[in-house]
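FYI, it's all coordinate maths here, none of it is from the lab. In this text the structure is predicted, and so the values were computed from the model without any measurement. All Cβ positions, even for glycine, are placed from backbone atoms using ideal geometry, and neighbour counts span all protein chains on display.
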């Protein structure tokens, strides 16, 4: 990708980034649509693929095979790409990395500062209005977790800005306003994500490199303890689990927590146990009631129902295990780890690199409460900023200090 094509790509990435502040007007999809045109060229003409590109290709190819076997019609449905198969769009830019120019001198920090400032300011008015009339705030998004996840990414780069800048007034204001809106959104998963990510960030700066392992172990351990109690309730009577969860709650937000614990998470685990190697098919988690055999290790959901909506397992890892099994999870983690490695080893400390580091971990931990990593509201700004980072990276390879 040379000359004018590089400039057009850069302009579209910046344009799309500025419009990630809303999913009501989905203009943020434009750079992804543009990038899609170059995927065949990238894969055919590149003699050596970056590891991230290779693993992204393997994961998306495996996902595509699963869709073609389970529900090929899904590839013609808009809502499939919006909900069940959104990672086909979200991870698409990783496939054109071999074509992207590097050391392009992109003013990435200025772009990020502009993006964060504009996004916070234009989101503030609808957020305050929605909260003042007794609703949880969604900003220019359709759901509270979509808005909260977007603010989580804004906070990631605002904290990086605050930590590395001599003039701290603007980032402090952005952090205050973003946190205020995050509380008004009621998105506790996003708050958990950003707090956990900041804890890891400062642990790394204090040379406590095992912090992610400890924190992940604690979160996974708590999740296992919850499912040890709730999974038998779900597997005994799946249709009763939702009504039982709602009866335990006094408010809508409490009901959401109980529904996740008693229905969403156990549903993903139930499908994984029934087809642990390859899963029950991409898009199958919300195609219930399920039609499964109790005696097979390799099976797809045989239900004739096909739904494309947000009724997923509300946990990215359980979602992948349910629909794509251990094979899918391994391929996904190889891709996700390659992305992380490229962030921490290829760039000098900067607002962009440190912001990506924080956002990466925020997405990881928020994904234990929701299906966040491939969600456009959460992932689009992260992925587009990573593209700017990739095009602007230098030859230095220091560790995070």
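For the reader, a short list of remarks on this structure follows.
- Here r is the Cβ-Cβ distance between residue 173 and residue 102 and R0 is 25 Å; the resulting FRET efficiency, rounded to 0.05, is 0.15.
- Of 294, 315, 84, the residue with the greatest mean-square motion in the GNM of the chain, using alpha carbon springs below 10 Å, is 294.
- Legend: translational diffusion of region 47-113 by Stokes-Einstein, Rh = Kirkwood radius over C-alpha pairs, 20 °C, 1.002 mPa s; D = 152 µm²/s.
- Computed from label points 7 Å out along Cα-Cβ, the spacing between residue 240 and residue 348 is 6.5 nm.
- Nearest-0.05 FRET efficiency for residue 69 and residue 43, computed from C-beta distance (R0 30 Å): 0.85
- Rg/Rh, computed from the Cα trace of the chain with Rh as the Kirkwood radius, has the value 0.96.
- Cα centroid of region 92-110 to Cα centroid of region 188-212, whole Å: 27 Å
- Modelled this way, with points 7 Å down the Cα-to-C-beta line, the labels at residue 77 and residue 293 are 2.5 nm from one another.
- Computed label-point distance, nm, for sites residue 121 and residue 30 using a 7 Å Cα→Cβ extension: 2.0 nm
- Rounded Å value of the spacing that divides the Cα centres of region 37-82 and region 304-327: 18 Å
- Stretch gain in nm, segment residue 166-residue 327, where the contour uses 0.36 nm per residue and the Cα spacing is subtracted: 53.3 nm
- Peptides 189-199, 111-121 ranked from most to least packed, by the mean per-residue count of other Cβ atoms within 10 Å: 189-199, 111-121.
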